[in-house]
Amino acid sequence: MTNKEIVLKFYEEVFNAWDVSALDRYMKDDYRQHNPEVADGKEGFRKFCEGFFKGKPVMEIVKIAEDGDMVFVFFKCTIGGTSLNKICDIYRLEDGMLAEHWDVCQHIPEDLVSANENGLF
């Protein structure tokens, strides 16, 4: 399985199923986190998900790319059915498991007026 395929399955089985029971198949115990709101390690991620999954987030992947041990995921994240976010997650994989994570997040206000017609995604 490619690194990109591993990340796609992770999104399907963990993020979109709101289920951390499969985490041991995808994430190293010493997972390194670069989001300041989430603690390092698999347990830090589990704790983050406790609150995050309460909003019933839905991730719709727009683009995914792989470059060696790095996978880049650009997606639309809707939380609570109304809160829209544009996100790019970056993962480094090691031995077929998520080892490190960075993200770039942009909340999209409901009353956004765009200066162009290109769309957000």
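Miscellaneous remarks
For (1) in contact with a helix residue (DSSP H, G or I) (Cβ under 7 Å, 6 or more places away or on another chain); (2) under 25 Å from Met1 (Cα atoms), each residue gets a yes or a no:
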residue	(1), (2)
Val20	yes, yes
Gly44	no, no
Val58	no, yes
Gly80	yes, no
Ile87	no, yes
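- Of all the numbered requirements in (1) over 14 Å from the mean Cα position of the chain (by Cα); (2) surrounded by fewer than 14 Cβ atoms within 10 Å (Cβ to Cβ); (3) assigned to a loop (DSSP other than H, G, I, E, B), Ala39 misses one, and that requirement is (2).
- Enumeration of residues in the stretch 33-89 that are closer than 21 Å to Pro109 by Cα and touching a Ser or Thr at 6+ places or on another chain (Cβ under 8 Å): Gly55, Pro57, Val58, Glu60, Leu84, Asn85
Here's the yes/no breakdown for (1) acidic (Asp, Glu); (2) more than 16 Å from Ile90 (Cα to Cα):
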position	(1), (2)
Lys28	no, no
Arg32	no, no
Glu43	yes, yes
Lys47	no, yes
Gly51	no, yes
Lys56	no, yes
Met59	no, no
Glu66	yes, no
Met70	no, no
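- Members of the stretch 53-89 that are assigned to a strand (DSSP E or B), among the small types (Gly, Ala, Ser) and modelled with pLDDT of 95 or more: Ala65
- The residues in the stretch 95-121 that are surrounded by fewer than 16 Cβ atoms within 10 Å (Cβ to Cβ), among the charged types (D, E, K, R) and in a strand (DSSP E or B) can be counted, and the count is 1.
- Checked against the criterion of being in a strand (DSSP E or B), open to solvent by 80 Å² or more (accessible area, probe 1.4 Å), touching a strand residue (DSSP E or B) at 6+ places or on another chain (Cβ under 7 Å) and among the charged types (D, E, K, R), the candidates Arg92, Arg32 yield just one match: Arg32.
- Extreme residue, most open to solvent (accessible area, probe 1.4 Å), among residues of the stretch 42-62 that are more than 19 Å from Gly81 (Cα to Cα) and either of a type in the set (A, V, I, L, M, F, W, C) or touching a residue at least 12 places away in the same chain (Cβ under 8 Å) (or both): Phe48
- The single residue among Arg92, Arg46 that is basic (Lys, Arg) and touching an Asp or Glu at 6+ places or on another chain (Cβ under 9 Å) turns out to be Arg92.
The values are calculated or read from the model by the stated rules, or taken from the named source; none is laboratory data. A quick note: this is a predicted structure, and the numbers were derived from the prediction, not measured. Because the Cβ atoms are built from the backbone with ideal geometry, glycine has one as well, and the counts that use them run over all protein chains shown. In case anyone asks, the SASA skips ligands and DNA or RNA and just uses the protein heavy atoms, side chains included. Shrake-Rupley method; radii C 1.70, N 1.55, O 1.52, S 1.80 Å.
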